[in-house]
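Written below as structure tokens is the structure these notes are about.
The values are calculated or read from the model by the stated rules, or taken from the named source; none is laboratory data. Worth saying up front: this structure is predicted, and the values here are computed from it rather than measured. We place every Cβ from the backbone using ideal geometry, glycine too, and count neighbours over all the protein chains shown.
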Amino acid sequence: MDPGGPGGSGTQMVASTQPLWQSNPIAKHFDIVGFDPRGIGSSTPSLDCYTDKEYDAGEVPRYGAVYDITTAGQAAELAKRCTDASGGVENLANAGSTNVVQDMDIIREVLGDDKLSYLGYSYGTELGAMYATTYPDKVRAMVLDGAVSPNLTAKEFRAASFEGLQARFNDLAALCAESPGCVLGDDPEAANERLHDIVQPAIDAPIESSSGRKVSVWDVYLGISSGLFSEKRWPVIISALAALDAGRPDEILALRDLAYGRGPDGVYNTDLDTNIAVRCMDWPRRTAEEHTALARHIGEVAPMFDLDVFTGASYHNECASWPAPPTRDEPWLTDTADLPKTLVVSTTGDPTTPHQGGIEMARALDASLLTVDGKQHGAYVLGGNECVDNTVNSYLIDLETPPQDARCTL
């Protein structure tokens with residue numbers, strides 16, 4: 001299985017969720033094997049650009065609507081740092097999803113399986129779909145949860161993800177408005193402006209936490225975004241924003257650290273360096289003009305991000321000086337004829353891989369589709385929902401696909 005990202009560690013995910021798997025009937029039929037794609041987690045060589053201390057200090061390309069890279073020189077510096085810290089151009093050039101898919105087949109062979117049974121979340125659904133079309137005769141079962149649309153360009157997918165985050169923030173604002181004195185106010189229509197007021201001090205200057213760490217506006221938005229991945233965390237976001245409004249950034253910093261997988265020892269389990277490296281090998285290069293236009297567009301479809309610090313500059317694509325060309329084309333999914341039956345799981349209120357993408361993935365693969373009513377990213381096992389788990393388990397164990405229009409509710 002792969003947890004997504006790019007940048008997520010499958011080995012760490014399986015270890016951290018071990019009790020969930022051991023209590024699942026699937027453990028009686030399968031070994032649960034997480035893997036770390038090239039450069040990620042325990043893979044060697046590691047893909048790296050910045051140290052953990054530099055991430056703590058904010059001395060890295062920061063991500064708002066796009067990365068805050070505004071000059072060709074900054075893009076060149078990023079590429080040089082990644083090349084030097086990752087052991088050379090070859091390691092960066094081999095980081096793309098096309099090579100990871102080949103690695104997946106080697107893993108299958110080494111484990112002694114004639115055919116692969118696979119579970120992929122989010123970006124892991126891209127890997128799964130690419131594997132199915134590359135090695136259709138080697139697929140036994142494949143579950144793609146939180147599916148990425150194969151029909152969208154990289155630019156369209158990024159905008160759709162922000163649009164999904166905005167939709168969930170709108171829901172959070174409506175929930176907040178039901179409580180007297182909520183930090184976002186009693187008018188959901190004014191919540192974006194109210195959010196901008198709350199974060200303004202962090203724009204003016206980073207705010208010091210109780211531990212002495214500085215919290216920037218980029219940290220704040222990363223914390224908010226990560227919290228929006230699950231409806232269960234909405235009260236945590238509201239509490240963190242109330243504390244931030246009172247000048248206390250510790251709660252939002254905790255959400256930011258959760259997104260990065262930062263431990264108390266300051267070690268980061270999820271490294272955005274690897275995300276940049278993989279996407280630079282997957283996605284076509286955008287010109288500075290196209291990249292700037294994308295930032296402006298994101299500000300329009302996701303007005304919670306429409307701040308000058310995020311959308312007001314002229315931007316250079318983070319991959320503009322990457323030392324190797326992409327190894328994947330657009331559209332990235334082709335030749336989908338004669339595939340084995342696969343299962344796509346898609347949540348109606350997914351904040352970052354919108355439900356329409358799941359519909360399109362199922363259509364492209366001629367797969368069964370399990371629609372899940374809910375507002376979170378990913379549903380199987382992690383959601384703890386009996387309907388979802390039973391449906392997916394029946395497929396994984398007995399290859400029984402759900403009926404057309406199958407539906408569960410979180």
(request) State yes or no: is D329 farther than 20 Å from P206 by Cα, in contact with a Ser or Thr (Cβ under 6 Å, 6 or more places away or on another chain) and acidic (D, E)? (result) no
(request) Give the number of residues within region 107-134 that are at positive phi and either of a type in the set (A, V, I, L, M) or in contact with a Ser or Thr (Cβ under 9 Å, 6 or more places away or on another chain) (or both). (result) 1
(request) Only one of these is crowded, with 21+ Cβ neighbours inside 10 Å and in contact with a strand residue (DSSP E or B) (Cβ under 6 Å, 6 or more places away or on another chain): L365, L343. Name it. (result) L343
(request) Tell me which residues, restricted to region 61-79, are part of a loop (DSSP other than H, G, I, E, B) and polar (S, T, N, Q). (result) T70, T71
(message) Take A277 and tell me if it is farther than 17 Å from S225 by Cα, in contact with a Cys (Cβ under 9 Å, 6 or more places away or on another chain) and touching a residue at least 24 places away in the same chain (Cβ under 8 Å).
(response) yes
(request) Return the residue satisfying two criteria in turn: it lies in region 381-410 and is crowded, with 19+ Cβ neighbours inside 10 Å and modelled with pLDDT of 95 or more, and of such residues it is farthest from the chain's Cα centre (by Cα). (result) P402
(message) Looking for something touching a residue at least 60 places away in the same chain (Cβ under 8 Å), within 23 Å of S226 (Cα to Cα) and of a type in the set (S, T, N, Q) - is there at least one such residue anywhere in region 338-351?
(response) yes
(message) Checking H29 against (1) surrounded by 14 or more Cβ atoms within 10 Å (Cβ to Cβ); (2) touching a residue at least 40 places away in the same chain (Cβ under 8 Å), only one condition comes out false. Which one?
(response) (1)
(message) Between D250, D265, D308, D329, which is surrounded by fewer than 20 Cβ atoms within 10 Å (Cβ to Cβ), acidic (D, E) and closer than 23 Å to A85 by Cα?
(response) D265
(message) Just checking, does region 217-239 include any residue being surrounded by fewer than 23 Cβ atoms within 10 Å (Cβ to Cβ), out of contact with any Phe, Trp or Tyr (no Cβ under 6 Å at 6 or more places or on another chain), farther than 26 Å from P6 by Cα and in contact (Cβ under 8 Å) with a residue 24 or more places away in the chain?
(response) yes
